[in-house]
Amino acid sequence: MSLIRADGVRKVYRCKKRQGPNRHHETLALEDVNLEIQEGEILALVGPSGCGKSTFLDIVAGLAELDAGTVQLGGKPIDGPGLDRGVVFQGYALFPWRTVLDNVAFGLETQGMDRNQREEIASRYVDLVGLSKFADRYPHELSGGMRQRVAIARALAADPMILLMDEPFGALDAQTRERLQFELLRIKQETGKTILFVTHSIDEAVMLADRIAIMTSRPGTIKAIIDVKLPRERKGAESFLRSSGMFLQAREQVWHSLKHEIEKAAELEYMI
């Protein structure tokens, strides 16, 4: 069953140039994007830099308006931000004056939930991401990976219908990034959440996703959808899976579909 359905999505960015005869400049970011995200799946969105991956995620999050088309969540049009969508960005966006527990409880507090109830719920999600011993710590006392786990817990605490993740591990070192990938799979198994995951990493997309949507160079549209045949239970079998024929085949499929778009994106940058 489709949880997110995007039909004919178009997005144009408009700005004014400081000089020149044509002072108004338009950049077509997305054109005719059609995509369905199934309930309970992880769908990875992969494409060259500047293709509109983050723009599409922002539209689903209700943080950006579209110029044409529709995006529906559970059959209802998205017309702004909402607690039915949890968002995790590359930057942790934590409140430095709040403890781990209070950061996770923030969304519940804005809903007007009483303190005891929101702390009980927040504690459950702090435990889910393995930070119970750090519940009273402040962000500056945590590593980058721990801060991102706090951000994930905060997004989950409001019990959203879908988790939207925009390069959430991009700023982390390779070891921490790989560890958090499998933490995310564990959390997905325990919560059953639907996840839209934006990434530049083909390996990350193959390891995490049930399906991978390939975007074209700008203006971005959906070029292909690739099913990942890896078993859903992946934690504990990382080394085996990365060298398996299923992993390598999926990786080759993604690269084959993506490489021409990367070349086109580089040509566009050169022309600019």
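The values are calculated or read from the model by the stated rules, or taken from the named source; none is laboratory data. Owing to the predicted nature of the structure, the values given are computational and were not obtained by experimental measurement. Virtual Cβ from ideal backbone geometry, glycine too; neighbours counted across all protein chains shown.
Condition (residue is among the aliphatic types (A, V, I, L, M), more than 18 Å from the chain's Cα centre (by Cα) and in a strand (DSSP E or B)) applied to the range 240-251: is it met by at least one residue?
no
Could we say that residue 203 is over 29 Å from residue 13 (Cβ atoms) and touching a residue at least 60 places away in the same chain (Cβ under 8 Å) here?
no
Within the range 195-217, work out how many residues are outside any helix (DSSP H, G or I) and crowded, with 21+ Cβ neighbours inside 10 Å.
12
Determine whether the range 135-157 contains at least one residue that is closer than 24 Å to residue 230 by Cα and either free of Cβ contacts under 8 Å to residues at least 24 places away in the same chain or polar (S, T, N, Q) (or both).
Checked against the condition, which is being closer than 24 Å to residue 230 by Cα and either free of Cβ contacts under 8 Å to residues at least 24 places away in the same chain or polar (S, T, N, Q) (or both), the range 135-157 yields no hits at all.
Can you list residue pairs whose Cβ atoms sit under 7 Å apart, with the first residue in the range 159-173 being more than 18 Å from residue 81 (Cβ to Cβ) and the second being of a type in the set (Ser, Thr, Tyr) and part of a loop (DSSP other than H, G, I, E, B)? Count only pairs 6 or more apart in sequence or on different chains.
167/199
What do you reckon, is residue 169 at pLDDT below 95 and of a type in the set (Phe, Trp, Tyr)?
yes
Can you name every residue in the range 146-171 that is over 16 Å from the mean Cα position of the chain (by Cα) and not in a loop (DSSP other than H, G, I, E, B)?
146, 147, 157
Which pairs turn up if I take residues in the range 176-194 that are closer than 17 Å to residue 37 by Cα and look for partners that are small (Gly, Ala, Ser) with beta carbon separation below 7 Å, at least 6 apart in sequence or on another chain?
If the second residue must be small (Gly, Ala, Ser), the pairs left are 192/40; 194/40.
Looking for something out of contact with any helix residue (DSSP H, G or I) (no Cβ under 9 Å at 6 or more places or on another chain), among the acidic types (Asp, Glu), surrounded by fewer than 18 Cβ atoms within 10 Å (Cβ to Cβ) and at pLDDT below 95 - is there at least one such residue anywhere in the range 230-251?
No, that holds for no residue.
Anything in the range 89-130 that is farther than 17 Å from residue 143 by Cα and buried (at least 20 other Cβ atoms within 10 Å of the Cβ)? List them, or say none.
105, 107, 108, 118, 122, 125, 128
Got a sec? Which of 65, 41, 31 is among the acidic types (Asp, Glu) and within 16 Å of the chain's Cα centre (by Cα)?
It is 41.
Do you know which of the residues in the range 98-115 that are among the charged types (D, E, K, R) and in a loop (DSSP other than H, G, I, E, B) is farthest from residue 168 (Cα to Cα)?
This residue is 114.
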